[in-house]
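One structure below.
The values are calculated or read from the model by the stated rules, or taken from the named source; none is laboratory data. Computed from a predicted model, the values in this text were never measured in an experiment. A quick note on method: Cβ atoms are made from the backbone with ideal geometry, for glycine too, and the neighbour counts reach across all protein chains shown. Ligands, DNA and RNA are stripped out before the accessible areas are found, and what is left, the full protein with its side chains, is counted by its heavy atoms. Shrake-Rupley method; radii C 1.70, N 1.55, O 1.52, S 1.80 Å.
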Amino acid sequence: MKVVNSIKEMQNLANEAKKAGKKISFVPTMGALHKGHLELISEGRKRGDLLVVSIFVNPTQFGPNEDFNRYPRDIEGDLKKARETGVDVVFTPTIEEMYPEGFQTYVEVSKLQNHLCGIFRHGHFRGVATVVLKLFNIVKPDVAIFGEKDYQQLKIIQRMVKDLNLEIEIVGFPVVREEGGLACSSRNSYLSHEDKECASTIYRALQEMKIEFERGQLSAREITEKGKRILKRAGIEEIDYIEVCDPETLESKQRATKGDIVAVAVRIKGVRLIDNIKL
């Protein structure tokens, strides 16, 4: 496994792979690799000849009062896991390498960013779209794998790739969960054992909302009110949103239909957790 810090070196490696007729698969991450990441990496291994994983905690997607400085970092542990899962190249640029002095170009997906998490994390998806486009131009992947837990992010990346005519296949990978149902996330490391037990209620609430729909309830308000009751009974009072939304536009629905997404974001002792389920 090769560890690359330089943009130019990564681009040269990608160009050499392309010339040799190799298909490049790519998994972008912010590190603190967990079971969910490892599943994405395994999928990437199946889909390409050269598997690249990036590890970069991207400052432009964090707000001024968010957790950039304390976001979990474990580069040695990450490299060990990457090596064990068959990664060919780990790209670990510095902030100065990615955003040199004078940097002023940003990418926005104007409508999709205005729903769900975008309402609560202003500028977040501008930072996501910008860094992902930069990584695509550096790594030059044929296929890139993103987790469906970050559903809005996945749709924004898919839209960006389509709108900007990028020749990259974007693969959405199903939510990977811890025992008990909590969606895998690097931020889970902030939670105590008791907090995790409380957080597992998020998935139970999503399942109950799906059951409510399958029993014939089509009112999005009734479906989401049931979810709120389940969360609040578990002691989860800080709910940013629970919404039934269109799977493509992410617009909030009044009447649920098959294929819609129920998305939820809550805070447990200040830790923001997101999850979703398809009806």
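Counting residues in region 131-279 as N, plug N into 2.2 N^0.38 Å and put the Cα Rg over that result. Mind dumping the intermediate values first?
Numbers: Rg = 16.5 Å, N = 149, 2.2 N^0.38 = 14.7 Å.
Against the empirical 2.2 N^0.38 Å value, I get 1.12 for region 131-279.
Working out 0.36 nm times the residue gap between residue 167 and residue 189, then minus their Cα-Cα distance, what length gain in nm do you get to one decimal?
Result: 4.4 nm gained on full extension.
Where the centroid of each part is defined by its Cα atoms, how far is region 1-74 from region 222-279 in Å?
30
Report the charge-dipole magnitude of region 87-241 in Debye, nearest 20, computed about the Cα centre from +1 at each Lys and Arg Cβ and -1 at each Asp and Glu Cβ. Before the final figure, lay out the partial values.
On the way: 21 positive and 24 negative charges, 127 e Å.
So the magnitude is around 600 debye.
Excluding residue 26 itself, calculate the net charge of residues whose Cβ lies under 9 Å from the Cβ of residue 26, where each Lys or Arg counts +1 and each Asp or Glu counts -1. Walk me through the numbers before you get to the answer.
Numbers: positive: 140; negative: 142.
Summing Lys/Arg as +1 and Asp/Glu as -1 gives 0.
Could you give the accessible area per residue of region 193-256, probe 1.4 Å, as a whole number in Å²?
Details: 3610 Å² over 64 residues.
Here the residues of region 193-256 average 56 Å² of exposed surface.
Report the full-extension gain for the segment residue 225 to residue 120: residue separation times 0.36 nm, less the Cα-Cα distance, to one decimal in nm.
Details: separation 105, 0.36 × 105 = 37.80 nm, distance 2.03 nm.
Result for the pair: 35.8 nm of gain on full extension.
Here is the link list: 18/81; 19/134; 35/232; 8/155; 80/134; 228/278. Which ones come out longer than 24 Å on Cα distance? Kindly include the intermediate steps, with their values, before the conclusion.
Working: 18/81 26 Å; 19/134 21 Å; 35/232 28 Å; 8/155 29 Å; 80/134 26 Å; 228/278 17 Å.
Pairs exceeding 24 Å: 18/81; 35/232; 8/155; 80/134.
Name the residue from 151, 166, 257 whose Cα lies farthest towards the positive end of the charge dipole of region 115-266, charges +1 on Cβ of Lys and Arg and -1 on Cβ of Asp and Glu.
Checked the options; the winner is 257.
Might you work out the accessible area of residue 80 for me, using a 1.4 Å probe with all protein chains in place, and round it to the nearest 10 Å²?
Ignoring ligands and nucleic acids, residue 80 comes out at about 120 Å².
Per residue, how many Å² of accessible area does region 1-48 show with a 1.4 Å probe? Don't skip to the answer; put the middle values down first.
Values: 2310 Å² over 48 residues.
For region 1-48, the solvent-accessible area averages 48 Å² per residue.
Assuming 1.002 mPa s and 20 °C, estimate D for the chain with Stokes-Einstein, Rh taken as the Kirkwood radius over Cα pairs, in µm²/s.
Details: Rh = 19.6 Å.
After rounding, the answer is 109 µm²/s.
Report for the chain the percent antiparallel among DSSP-assigned beta bridges with both residues inside it, nearest 5.
On the way: 18 of 37 bridges.
Roughly 50 percent of the DSSP beta bridges within the chain come out antiparallel.
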